[in-house]
Amino acid sequence: MSTARLAWVGAGAGCLVLLALASVAFGNREISLHELIAALAGDANGVGQAAVAARVPRTVLALLVGAALALSGATMQAVTRNPLADPGILGVSSGAALAVVIGIAFFGLSDPYGYIGVATLGAAVAAVFVYAVGSLGRGGATPLKLALAGAATSAALSSLVSAVLLPRVDILTTFQFWQIGGVGGAEWDRIGVVAPFLLAGAVIVVLSGRGLNTLALGDDLAAGLGTQVRRTRLIAALGAVLLCGAATAVAGPIGFVGLVIPHLCRLVVGSDQRWLLPFTAIAGAGLLVAADVLGRVVARPEEIEVGIVTALIGAPFFIWIVRRQKVRAL
Amino acid sequence: MTLTHQLVADEITLAYGDRLVVDELALEVAPGRITAIVGANGCGKSTLLRALARLLSPKSGQVVLDGVELNSRPTKEVARLIGLLPQSPIAPEGIVVADLVGRGRHPHQGLFARWSRADDEAVAAALDATGIADLADRSVDELSGGQRQRVWIAMALAQQTDILLLDEPTTFLDVAHQIEVLDLLADLNRARGTTIVMVLHDLNLASRYADEIVAVCRGRVHALGEPGVVVTAELVSEVFGLDSEVIADPLTGKPLVLPRGRHHVS
């Protein structure tokens with residue numbers, strides 16, 4: 001079993017390298033192999049080379065954001081024992097988005113660290129709020145109640161985002177790209193700012209894996225196995241919110257990666273979080289890069305933002321999960 | 001195997017919010033023996049088991065393990081001494097038997113520690129002891145109720161604790177599988193001297209398999225002792241409010257409760 005999992009992880013990593021190369025090679029401007037190699041060697045004289053040079057940070061950002069969102073989703077699913085959990089569906093991304101919009105519109109937010117801090121705070125507040133609302137009433141936080149609370153909160157927060165933005169034509173255009181969700185404007189210094197936060201979140205989440213494995217057996221059994229249930233949940237949730245907040249701060253709200261990827265990965269490597277989480281990160285990075293390449297290629301010379309592509313892939317998948325019988329169990 | 005681990009409930013009061021469930025209850029678990037906790041629905045027997053497993057902190061009094069208050073010991077350390085099988089544990093979708101049993105090794109593993117040979121051996125021994133070694137690579141979803149309960153018991157065995165607490169381990173099982181599970185627990189008790197405490201609904205099975213019966217009524221221990229002494233028509237009437245006749249089981253000589261309903265009794 002472990003060998004098979006290892007093979008899957010290896011294959012996933014291999015695909016990821018190919019996708020990353022494709023992401024550098026393909027774009028809304030066609031370039032030759034010669035130009036590509038020259039550019040990767042550090043030459044940025046021609047137009048083609050310049051395009052390639054711009055695509056490298058973009059690819060790196062897509063990898064990081066994809067991995068972060070997928071990890072965040074997988075962790076949220078484990079923490080809430082809810083197959084419908086995802087930063088987008090639970091309203092966590094919208095919380096981050098609203099916080100950033102308010103920061104830009106009313107407090108003149110422009111510092112990248114400020115973006116991340118505010119986005120993470122917004123994500124955390126939204127997460128706590130949705131969980132609290134979803135826990136009301138009988139039976140506690142059931143999957144469907146959480147998903148409903150998340151969807152309602154998400155819709156409300158999105159309207160608030162529009163309400164803040166509409167009278168502010170001055171910031172509307174800068175915000176619009178961010179809002180749709182994209183990695184097009186990637187720059188190395190922004191990546192450098194966000195990377196430590198993503199790394200910290202990833203480390204927290206991966207180290208929580210074993211505790212999350214016991215939580216999957218039910219709270220009583222987890223406690224019987226020596227897991228501090230509340231503390232494990234809180235720490236893992238913190239990691240997930242950090243991942244989602246930082247990813248959203250840099251790329252805008254991108255939906256469905258956190259939902260789709262963990263489910264697909266579970267089919268492949270099983271439900272052991274120690275395997276699932278790393279594999280999820282690889283697959284999430286792959287999906288986002290692939291979606292980004294697709295968005296650049298299908299509408300030449302225009303681009304379709306990656307957030308739109310993932311939504312097109314994710315929405316049918318969401319319906320498929322909801323229609324499956326075992327939606328209540330995880 | 002040492003029989004030294006002493007689990008004692010010292011005048012514990014347990015409540016969910018304002019609702020008092022167990023009232024100043026005292027109980028010394030007999031080391032190396034099988035104890036069955038019996039009582040009517042809602043009498044507090046499962047709550048008592050949760051407290052013994054440190055899942056619920058007493059409002060007053062304390063649960064003491066080897067002279068030290070249970071809640072003051074690191075929870076992972078306690079998990080190497082006391083195993084718990086709750087009433088309805090959750091099997092993650094698609095998990096295979098060996099993986100699920102392996103999760104019982106959690107208290108023996110550190111944050112960074114790798115899966116060790118001791119872990120492998122414990123899992124193999126647990127699969128053997130429960131007779132499910134041939135199911136090791138099967139998905140838990142595909143198993144029958146009886147097989148599934150064996151898997152959960154195997155998981156508890158892999159935890160390698162001297163004390164094992166089980167909340168109604170025979171619910172949802174047909175009569176053959178009930179006997180099978182209780183035989184398995186009796187084997188474990190005989191072979192390793194594991195102290196077993198279980199909540200059981202069926203008085204006759206409790207009388208047959210337990211060395212000690214703890215009859216709980218309205219949050220207190222109503223009677224405690226060997227089944228032959230404790231299980232009487234009087235007790236059944238007081239604890240369950242049921243009119244019955246208790247005879248000696250022709251197979252075992254243990255008490256056998258024959259309920260006297262309002263119908264079909266001459």
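Rule-based calculations on the coordinates, nothing more; no lab input. Nothing here was measured: the structure is a model prediction, and the numbers come from that model. Backbone-built Cβ (ideal geometry, glycine too); neighbour counts: all protein chains shown.
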So what's the back-of-envelope 222 nm ellipticity for the protein assembly as shown, counting only DSSP H runs of four-plus at -39500 (n - 2.57) apiece and dividing by all residues, rounded to 500? -18500 deg cm²/dmol
What list do you get for A:TYR113, B:TYR209 if you sort them by fewest beta carbons within 10 Å? A:TYR113, B:TYR209
Could you work out, residue by residue across A:259-272, how many beta carbons of other chains sit within 10 Å of that residue's beta carbon, and then give the average as an integer? 2
Pairwise Cα inverse-distance average, inverted: Kirkwood Rh of chain B (Å): 19.3 Å
What is the dipole size for chain B, taken about its Cα centre, with +1 at each Lys and Arg Cβ and -1 at each Asp and Glu Cβ, in debye to the nearest 20? 400 debye
So if we plug the beta-carbon distance of A:ALA195 and A:LEU144 into 1/(1 + (r/R0)^6) with R0 = 41 Å, what FRET efficiency do we get, rounded to 0.05? 0.70
Counting sequence-distant residues (5 or more places) and residues on other chains, those with an amide H built under 5 Å from that of B:VAL221 are B:ALA26
Count the net charge of all other residues whose Cβ sits under 14 Å from the Cβ of A:THR153, scoring Lys and Arg as +1 and Asp and Glu as -1. 0
Sort B:HIS222, A:HIS34 so the one with the fewest other Cβ atoms within 10 Å of its own Cβ comes first. A:HIS34, B:HIS222
Using label points projected 7 Å from each Cα along Cα→Cβ, tell me how many nm separate B:ASP128 and A:VAL56, to one decimal. 5.8 nm
Testing the spin-label approximation: label points 7 Å from Cα along Cα→Cβ at A:ALA163 and A:VAL268. State their distance in nm. 4.2 nm
Within 10 Å of the Cβ of an average residue in B:41-52, the count of other chain Cβ atoms is 0
Any residue on another chain or 5+ positions along whose placed amide H is under 5 Å from the amide H of B:GLY83 is listed here as B:ILE163, B:LEU164, B:LEU165
I'd like the mean, over residues of A:224-235, of how many other protein chain beta carbons sit within 10 Å of each residue's own Cβ. 5
For chain B, set up a Gaussian network in which alpha carbons nearer than 10 Å are linked by springs, and say which option among B:PRO92, B:PRO58, B:PRO255 fluctuates the most. B:PRO92
Want the number for B:HIS264 to B:ARG117: 0.36 nm per residue separation, take away the alpha-carbon distance, what's left? 47.0 nm
Convert each backbone phi in the stretch A:299-313 into a coupling constant with the Karplus relation 6.51 cos²θ - 1.76 cosθ + 1.60 (shift: θ = phi - 60°), then list the ³J(HN,Hα) values in order as whole Hz, x for Gly and Pro. 10, 3, x, 7, 10, 9, 4, 5, x, 6, 4, 5, 5, 5, 6
Sort A:CYS244, A:CYS15, A:CYS265 by Cβ crowding within 10 Å, fewest neighbours at the top. A:CYS15, A:CYS265, A:CYS244
If I build a Gaussian network model for chain A, linking alpha-carbon pairs within less than 10 angstrom, which residue out of A:LEU63, A:LEU33, A:LEU165 has the largest mean-square fluctuation? A:LEU33
Report, in degrees rounded to the nearest 10, the 0 to 90 angle that the Cα long axis of helix A:112-135 makes with the longest principal axis of chain A. 30 degrees
Table column - 3J(HN,Hα) (Hz), the stretch B:163-169, Karplus curve with 6.51, -1.76, 1.60, x for Gly and Pro: 10, 10, 10, 10, 9, 6, x
I want to verify a result. In a Gaussian network model of chain A, Cα cutoff 10 Å, which of these has the top mean-square fluctuation: A:ALA38, A:ALA240, A:ALA96? A:ALA38
Between A:ARG300 and A:ASP170, 0.36 nm times their residue separation minus their Cα-Cα distance comes to what? 43.9 nm
For the stretch B:35-43, what does the Karplus curve 6.51 cos²θ - 1.76 cosθ + 1.60, with θ = phi - 60°, yield as ³J(HN,Hα) per residue in whole Hz, taken in order and with x for Gly and Pro? 10, 10, 9, 10, x, 6, 4, x, 7
